[in-house]
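Asker: Have a look at this one.
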Amino acid sequence: MCSILILRHFFSTPPALGLGVEPADKKIMNYPPSKSKQLFSKEVIMDTLVYGVFLGGIALSSFIFVLYGIYDGVVGENCNFVSEASINCGPVHRSRSTAFITLSFLILLLAVECKHFRKPIWRMKHWKNQVLFWTMVIGAALTVPTLYIPVVNTNVFKHVPIDIEWAVVVVCLVVFLVVAEIYKLIKRKTMRKL
């Protein structure tokens, strides 16, 4: 439960506020007004669904890969409570830690992807929005206490420090970035110009 609150309040909200102060595109006045009377366009709804499925699927895949690929599916007993009855919970806690860190960084990366509906990430000016930049830096730094401060990691978050699992996190981030850019490329080629 605590992990969900941390993800929501520290990793999602500050980047959203940073996106709220994103400078407008210089060509914004060249676009005709929308004829739609809907609050959300079809593209926004589609982006929400596609990015949500990508994020959830990649985070779940990181958990499954660590638990079943690295630790051979050792799920342990009574792993949701820190007590004498907890048996063989290391793999579950390491998998949980990996999924949490993966999802945290994916949320931060999604904020950068959402700066523009279709423009590739390498064509964006990342330094113009200092609020977004610093919320991402602080968000990335906040992951350390959830894994590496004793008592906080085990009793509050039910996490343990990870080591080789960082490679899984990096691979997941690269996969998300590639998939998101392919998705944007498909949108640029198939949808009408903004």
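The values are calculated or read from the model by the stated rules, or taken from the named source; none is laboratory data. All values derive from a computational prediction rather than experimental measurement. Methodologically, a virtual Cβ is constructed for each residue, glycine included, from the backbone with ideal geometry; neighbour enumeration extends over all protein chains shown. Protein only, heavy atoms only, side chains kept; ligands, DNA and RNA dropped before computing areas. Shrake-Rupley method; radii C 1.70, N 1.55, O 1.52, S 1.80 Å.
Asker: Mind checking the full-extension length gain between Ile164 and Asn80? Use 0.36 nm per residue of separation minus the Cα-Cα distance, one decimal, nm.
Answerer: Gain in length upon complete extension: 27.9 nm.
Asker: Further, regarding this structure: Take the Cα of Asn30, step 7 Å along the line toward its Cβ, and report every residue of region 162-194 whose backbone nitrogen sits under 20 Å from that point.
Answerer: Flagged as within label range: 185, 187-194.
Asker: Between helix 165-190 and the chain, what is the angle of the helix's C-alpha long axis to the longest principal axis, kept within 0 to 90° and rounded to the nearest 10?
Answerer: Its long axis makes an angle of about 20 degrees.
Asker: Taking springs between alpha-carbon atoms closer than 10 angstrom, which of Tyr51, Tyr68, Tyr31 fluctuates most in the Gaussian network model of the chain?
Answerer: Tyr31
Asker: Give me the accessible area per residue for the chain, probe 1.4 Å, as a whole number in Å².
Answerer: 62 Å²
Asker: Provide the FRET efficiency to the nearest 0.05 for the Val174-Val21 pair, computing r from the beta carbons and using R0 = 30 Å.
Answerer: Rounded to the nearest 0.05, the efficiency is 0.60.
Asker: For the chain, what does the relative contact order come out to in percent, with C-alpha contacts under 8 Å and a separation of six or more?
Answerer: The normalised contact order for the chain reaches 29 percent.
Asker: For the chain, with a Gaussian network of springs between Cα atoms less than 10 Å apart, report the residue from Thr146, Thr98, Thr13 with the top mean-square fluctuation.
Answerer: Maximum fluctuation in the GNM of the chain, among the listed residues, is at Thr13.
Asker: Can you grab the distance from the C-alpha centre of region 18-45 to the C-alpha centre of region 136-170, Å, no decimals?
Answerer: When both Cα centres are located, 36 Å separates them.
Asker: Also, quick follow-up: Any idea which of Gln38, Ser104, Ile64 is furthest toward the positive side of the dipole for the chain, if Lys and Arg beta-carbons carry +1 and Asp and Glu beta-carbons -1?
Answerer: Gln38
Asker: Would you please classify the overall shape of the chain from the alpha carbon gyration tensor, given that a ≥ b ≥ c denote the square roots of the eigenvalues, rounded means a/c under 1.5, and beyond that prolate means a/b larger than b/c while oblate covers the rest?
Answerer: Verdict is prolate for the chain.
Asker: Now a separate question. Quick check: pseudo-label points 7 Å beyond the Cα along Cα→Cβ at Asp72 and Thr190, how many nm apart are they?
Answerer: 4.4 nm
Asker: A further question on this structure: Probe radius 1.4 Å, ligands and nucleic acids ignored: give me the carbon and sulfur share of the accessible area of the chain as a rounded percent.
Answerer: 71 percent
Asker: Let me ask another. Rounded, prolate or oblate for region 139-194? Axes are the square roots of the Cα gyration tensor eigenvalues, ordered a ≥ b ≥ c, and the cut-off for rounded is a/c under 1.5.
Answerer: prolate
Asker: Determine, from the Cβ-Cβ distance of Phe40 and Ala141 and an R0 of 35 Å, the FRET efficiency 1/(1 + (r/R0)^6), rounded to the nearest 0.05.
Answerer: Efficiency for this residue pair is about 0.60.
Asker: Once label points are set 7 Å from the Cα along Cα→Cβ at both Thr48 and Ile87, what is their separation, rounded to one decimal in nm?
Answerer: 4.6 nm
Asker: Could you compute the net charge surrounding Ser95? Neighbours are other residues with a C-beta less than 13 Å from the C-beta of Ser95; K and R count +1, D and E count -1.
Answerer: It works out to a net charge of +1.
Asker: Still on this structure, please answer the following. Residue separation times 0.36 nm, minus the C-alpha to C-alpha distance between Lys125 and Val151: what's the value?
Answerer: Using 0.36 nm per residue and subtracting the Cα-Cα distance, I get 5.3 nm.
Asker: Also: Work through the residues other than Ala24 whose Cβ is under 15 Å from its Cβ and net out their charges, Lys, Arg +1 and Asp, Glu -1.
Answerer: +4
Asker: Between beta-carbons, use under 11 Å as the cut-off and find the net charge around Lys128, counting Lys and Arg +1, Asp and Glu -1.
Answerer: Charge balance in the 11 Å sphere: +1.
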